[in-house]
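Following: one structure in structure tokens, then a few remarks.
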Amino acid sequence: MAIATTLKNYLDNQQVRYDTVRHAQSATALESAHAAHVPDHQVAKAVVLKDDNGYVLGVVPANHSLEIDWVNEAL
């Protein structure tokens, strides 16, 4: 899967340095990291969340799970 357009735009607007790596299709970000021979913590997965104010984009390393309780407190 290619990098999500919203995530790419955000990273570019924030002037964040990143690389994209082509790899075989995979079902999860963790599988993508393994397929691309990249350390798990260096692969990001985008998670789209919705709250009362609209949508929020979360970015989490491939080797982590979203901590929804922390997100709820932060938002």
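The values are calculated or read from the model by the stated rules, or taken from the named source; none is laboratory data. Given the structure is predicted, the values throughout are model-derived calculations rather than measurements. When we count neighbours, we look across all protein chains shown, and the Cβ atoms used for this are built from the backbone with ideal geometry, even at glycine. The area values use the complete protein model at the heavy-atom level, side chains included, leaving out ligands, DNA and RNA. Shrake-Rupley method; radii C 1.70, N 1.55, O 1.52, S 1.80 Å.
Residues 65, 26, ordered by accessible area of protein heavy atoms at a 1.4 angstrom probe radius and largest first, appear as 65, 26. What the Cβ-Cβ distance of residue 70 and residue 9 gives, at R0 = 35 Å and to the nearest 0.05, is a FRET efficiency of 0.90.
Qualifying GluC sites (Glu not before Pro) in the range 2-75, where qualification requires a DSSP coil assignment and no more than 15 other C-beta atoms within 10 Å, comprise 67.
For the options 52, 40, 19, a Gaussian network treatment of the chain with springs between C-alpha atoms closer than 10 Å singles out 52 as fluctuating the most.
Taking amide H as placed 1.01 Å from N in the peptide plane, the amide H of residue 56 sits under 5 Å from that of 49, 50, 51, each at least 5 places away or on another chain. Which trypsin sites (Lys or Arg not before Pro) in the range 3-75 sit in a loop by DSSP (not H, G, I, E or B) and have at most 11 other Cβ atoms within 10 Å of their own Cβ? Sparse-neighbourhood loop trypsin sites (Lys or Arg not before Pro): 17, 22. Counting only protein chain heavy atoms and rolling a 1.4 Å probe, the accessible areas of 55, 10, 18 rank, largest first, as 55, 10, 18.
From the Kirkwood radius over Cα pairs of the range 1-63, Stokes-Einstein at 37 °C and 0.692 mPa s returns a whole-number translational diffusion coefficient of 261 µm²/s.
Calculated mean residue ellipticity at 222 nm for the chain: -8500 deg cm²/dmol, from DSSP H runs with n ≥ 4 weighted as -39500 (n - 2.57), summed, divided by the residue count and rounded to 500. For the chain, give the percent of accessible area contributed by carbon and sulfur heavy atoms, probe 1.4 Å, rounded to a whole number. The computed percentage sits at 49. Accessible surface computed residue by residue for the chain, with neighbouring protein chains in place and a 1.4 Å probe, gives 84 Å² per residue.
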